[in-house]
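**Student:** This structure is in structure tokens; I'll ask about it shortly.
The values are calculated or read from the model by the stated rules, or taken from the named source; none is laboratory data. The model shown is predicted, which means the values in this text are computed figures rather than measured ones. In this analysis, Cβ positions are derived from the backbone assuming ideal geometry, glycine residues included, and neighbour counts consider all displayed protein chains. In case anyone asks, the SASA skips ligands and DNA or RNA and just uses the protein heavy atoms, side chains included. Shrake-Rupley method; radii C 1.70, N 1.55, O 1.52, S 1.80 Å.
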Amino acid sequence: MLEKAIYGGRRYWVWIFFLLGLISVGFLAYLYQFKSGLGITGMSRDVSWGLYIGQFTFLVGVAASGVMVVLPYYLHDYKKFGRLTILGEFLAIAAVIMCMLFIFVDLGQPLRVLNVILHPTPNSVMFYDMLVLSGYLMLNLLIGWTVLGAERKEVAPPKWVKPLIILSIVWAPSIHTVTAFLYAGIPGKHFWLTAILAARFLASAFAGGPALLIILALIVRKYTKFDPGKEAIQSLGKIVTYCMLINVFFLGLELFTAFYSQIPGHMHTFAYLYAGLHGHNQLVPIMWVSSILALIAIVLLVFPQIRKNENLLAVACLATFFSLWIDKGFGLVVGGFVPNSFEKITEYWPTLPEALIALAVWAIGFLVLTILYKIAVSIKEEVVFDKYGEKQIKAE
Amino acid sequence: MSINRREFLKMAGITTILGIGGVSAVQGVRNRVEASQASRAPEALTAKRWAMVVDMSKFKSEEDYQKCINACHLSHNVPHITDNPKHEIKWLWTETYEHAFPGNEDKYRAERFQHMPFLMLCNHCENPPCVRVCPTQATFKRKSDGIVMMDMHRCIGCRFCMAGCPYGARSFNYKDPRPYIDGSKENLEFPTRMKGVVEKCTLCYERLAKGLQPACVEVSNGALIFGDLEDPNSAVRKVLSERFTIRRKPELGTGTSVYYII
Ligand code: SF4
């Protein structure tokens, strides 16, 4: 099926080469980091994780969110999601690959990465994170590829994939739960030490991931003959709505506990992020951008009349995605380190090379995603045209 | 009994070819090597659980602190990074009371306590979160005496331990530390580190093995008291039974082994 990826129009190749360009620039930046050390980033003795680990955390959520289309389709026989499942599974694959790359570029001694396998350490959450992430990658590759292959031959997928699909449905929340446990079990980091963290992670993942999927589905429909289905997109919009509301509700719970209890350690990070603390306020603007985007998203999403307009839905999804990207892909990780163990403040902001490396990892993810989607869409265009009995956008 | 390298290779080779016990032969020899490295010289100082008491009343001047810090940093080739405070490496350093014991501030406390510098170092926790989170056991608690050790060759530089330590005791080599070590003062008996690994105080395990007190203790004129926490007759237990002492963040249940007398 891979051959489908090498036939494409001009636009396809321009996009591919654009991504390759970003990857090359980031690769050069990485060589610089590899040679000089992580000192070329904005990280410090006090803020020892930054953009890379933030993006990793965010993307685990995107990967996990594939389950939001797979579950209704396979467990509730919600046929409308039939055309979206492959897009969800392939998005999960691209996201997990990005996760792994973000961990890799964050390592001080990347060539020793295999030590995690050579010296397995079951008391470290990182060990489980590695297991669940690679397992999830395998599952999605296997399932996506097999189901798509069967579809191409117009036969039913082999029986053995069904149990794997069920397993992947159970597996998905586990990857994000384990990722939350990286943070939620650390003594002395008040901002992370909250039992609700995994729940917050899942809520934001199940809002942000499907929001991205809606945008991707709309793009696929615009540029190919394959239509993931209007109703499917609307149902996904409902999922984004509920999960975004739950996410904001959870954040409210955190704020209540911190500010009603008035325990300084619990309030400090929130104060730092949203108002600034002792004159340090570097993250305040972006945290407010995130909050305002969340507000815009919610207003657009909760009213069904607005949500039904696909253009406005797209705006709402973009707002959701970027709001959560800032909140979880940046504020959550950096905030945990401010103030530090001595109640002192060191601020963090990524450097240019750091940002270029992060951008390149995203570009690799999008390259993988583009190729996978290209294959999936080509096959769907050929084989399943009108199979679902809904109006397709006809070829001109 | 000892076997030489060739014999060992032959043995491992044969068993591997036979497909049996190749790994266990390697393991067996490895264990023996490690055991021989760990077997102590007769003069070594030993304890069940090392601990330190910092007697603040004996620190009179800036110099008293600096003496200890220099002794530590010089004997362990700790780079002196001044061009970027974000990349600082510290094994032993000072923090004022309010930062050393956050949550215990009191604005009416006597001025001299508020700003009194306290010596900070790894607490060699009884239940160390840094060890719990490390994915490769590059940092581990030594069973024999409770020292929280570092294996700089195994560390992958993920910095999970830095997030895990509630005491800010760990430093990461954001760049090659060697240019920041004064060559004329380098201690050739202690390894320098490379970029990309985490480091911290290891309670002078290398000096203890030779029967020496930790470097900072040696130069402290009795301000740092060092001994076995599990030995009722040790120097530390004696002070602990007589004087009022505090520890950093005891509520976290880490069981720190560094005590402070104010
Ligand atoms: S003080 Fe920090 S580095 Fe030292 S043992 Fe305790 S947790 Fe680990």
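**Student:** Please compute the Kirkwood hydrodynamic radius over region A:37-105, one decimal place, Å, based on all pairs of different Cα atoms.
**Tutor:** For region A:37-105, inverting the mean 1/r across all distinct Cα pairs yields 13.6 Å.
**Student:** Give me the net charge for the shell around B:Cys155: Cβ to Cβ below 14 angstrom, other residues only, Lys and Arg +1, Asp and Glu -1.
**Tutor:** +4
**Student:** Can I ask one more? Ignoring ligands, DNA and RNA, please state the percent of accessible area on region B:44-261 from carbon and sulfur, probe 1.4 Å.
**Tutor:** Of all accessible area on region B:44-261, carbon and sulfur atoms account for 51 percent.
**Student:** Give the angle, between 0 and 90 degrees and rounded to the nearest 10, that separates the Cα long axis of helix A:161-184 from the longest principal axis of the Cα atoms of chain A.
**Tutor:** Long axis of A:161-184 versus the principal axis of chain A: about 20 degrees.
**Student:** Could you give the alpha-carbon Rg of region B:160-262 over 2.2 N^0.38 Å, rounded to two decimals?
**Tutor:** Taking the Cα Rg and dividing by 2.2 N^0.38 Å, one obtains 1.30.
**Student:** How high is the relative contact order of chain A, given as a whole-number percent (alpha carbon pairs under 8 Å, six or more residues apart)?
**Tutor:** This gives 30 percent for chain A.
**Student:** What percent do you get for the relative contact order of region A:1-130 when only Cα pairs under 8 Å and 6+ apart count?
**Tutor:** 22 percent
**Student:** Given the DSSP H assignment, sum -39500 (n - 2.57) over each helix run of at least 4 residues in chain A and divide by its residue total; what's the result at 222 nm in deg cm²/dmol, nearest 500?
**Tutor:** -23500 deg cm²/dmol
**Student:** Let me ask something else about it. Take every residue in peptide A:30-42, count the Cβ atoms of other chains within 10 Å of its Cβ, and give the average of those counts.
**Tutor:** For this peptide, the per-residue mean of nearby foreign Cβ atoms is 3.
**Student:** Of A:Gly108, A:Gly209, A:Gly237, which has the largest mean-square fluctuation in a 10 Å C-alpha GNM of chain A?
**Tutor:** Highest fluctuation of the listed residues: A:Gly108.
**Student:** Report in % the part of the accessible area of chain A that belongs to carbon and sulfur, leaving out ligands and nucleic acids; probe 1.4 Å.
**Tutor:** It is 72 percent, rounded to a whole number.
**Student:** Same structure again: Report the local net charge at B:Tyr260: Lys and Arg +1, Asp and Glu -1, summed over other residues whose C-beta lies under 13 Å from its C-beta.
**Tutor:** The answer is +3.
**Student:** Give me a single rounded figure for B:98-105: the average over its residues of other chain Cβ atoms within 10 Å of their Cβ.
**Tutor:** 4
**Student:** Could you state the angle between the C-alpha long axis of helix A:352-383 and the longest principal axis of the C-alpha atoms of chain A, as a value from 0 to 90 degrees rounded to the nearest 10?
**Tutor:** 20 degrees
**Student:** At a 1.4 Å probe radius, which order do A:Val368, A:Val220 fall into by accessible area, largest first?
**Tutor:** A:Val368, A:Val220
**Student:** Averaging sequence separations of C-alpha pairs under 8 Å and six or more residues apart, then dividing by the length of region B:44-261, give the relative contact order as a whole percent.
**Tutor:** With pairs under 8 Å counted, the relative contact order is 34 percent.
**Student:** To continue, here is another question. For a distance above 16 Å, tell me the whole-number percent of Cα pairs in region A:270-369 that qualify.
**Tutor:** Cα-Cα pairs in region A:270-369 separated by more than 16 Å: 66 percent.
**Student:** Given the pairs B:Lys60/B:Lys200; A:Lys159/A:Lys308; A:Lys153/A:Lys328, which span a C-alpha to C-alpha distance of over 30 angstrom in this model?
**Tutor:** Those over the limit are A:Lys159/A:Lys308; A:Lys153/A:Lys328.
**Student:** Same structure, new question: For the pair B:Asn84 and B:Asp231, how long in nm is the line joining their label points, each one 7 Å along Cα→Cβ?
**Tutor:** 4.5 nm
**Student:** Which whole-number value in Å² is the accessible area per residue of chain A, probe 1.4 Å?
**Tutor:** With the other protein chains kept in place, chain A gives 42 Å² per residue.
**Student:** Which value, in square angstrom to the nearest 100, describes the accessible area buried between chains B and A on both sides, using a 1.4 angstrom probe?
**Tutor:** Summed over both sides, the interface buries about 3600 Å².
**Student:** Once you have the alpha carbon radius of gyration of region A:1-133, what is it after dividing by 2.2 N^0.38 Å, with N set to its residue count?
**Tutor:** Cα Rg divided by the expected 2.2 N^0.38 Å: 1.32.
**Student:** Evaluate the distance, in nm, between pseudo-label points positioned 7 Å from the Cα of A:Leu255 and of A:Gln234 along their respective Cα→Cβ axes.
**Tutor:** Spacing of the two 7 Å Cα→Cβ label points: 3.3 nm.
**Student:** Give a quick list of trypsin sites (Lys or Arg not before Pro) in region A:62-161 that DSSP marks as loop, anything other than H, G, I, E or B, with at most 13 other Cβ atoms within 10 Å.
**Tutor:** Sparse-neighbourhood loop trypsin sites (Lys or Arg not before Pro): A:Lys153, A:Lys159.
**Student:** Continuing with this model, one more query. For all pairs of alpha-carbon atoms in region B:44-261, what percent lies in each bin of width 5 Å, listed from the first bin to the last filled one?
**Tutor:** Going out from 0 Å in 5 Å bins, region B:44-261 shows 1, 7, 14, 19, 21, 19, 12, 5, 2, 0 percent.
**Student:** Per q in 0.05, 0.06, 0.08 1/Å, what log10 I(q)/I(0) does a Debye calculation on the alpha-carbon atoms of the protein assembly as shown return?
**Tutor:** With no solvent term, the Cα-only Debye profile gives -0.29, -0.41, -0.69.
**Student:** Counting GluC sites (Glu not before Pro) as exposed when in a DSSP loop with at most 10 other beta carbons within 10 Å, what is the longest stretch of chain B free of them?
**Tutor:** Longest stretch, sites excluded: B:44-188.
**Student:** For the pair A:Ala150 and A:Ile6, what calculated FRET efficiency results from E = 1/(1 + (r/R0)^6), where r is the Cβ-Cβ distance and R0 = 22 Å, to the nearest 0.05?
**Tutor:** 0.45
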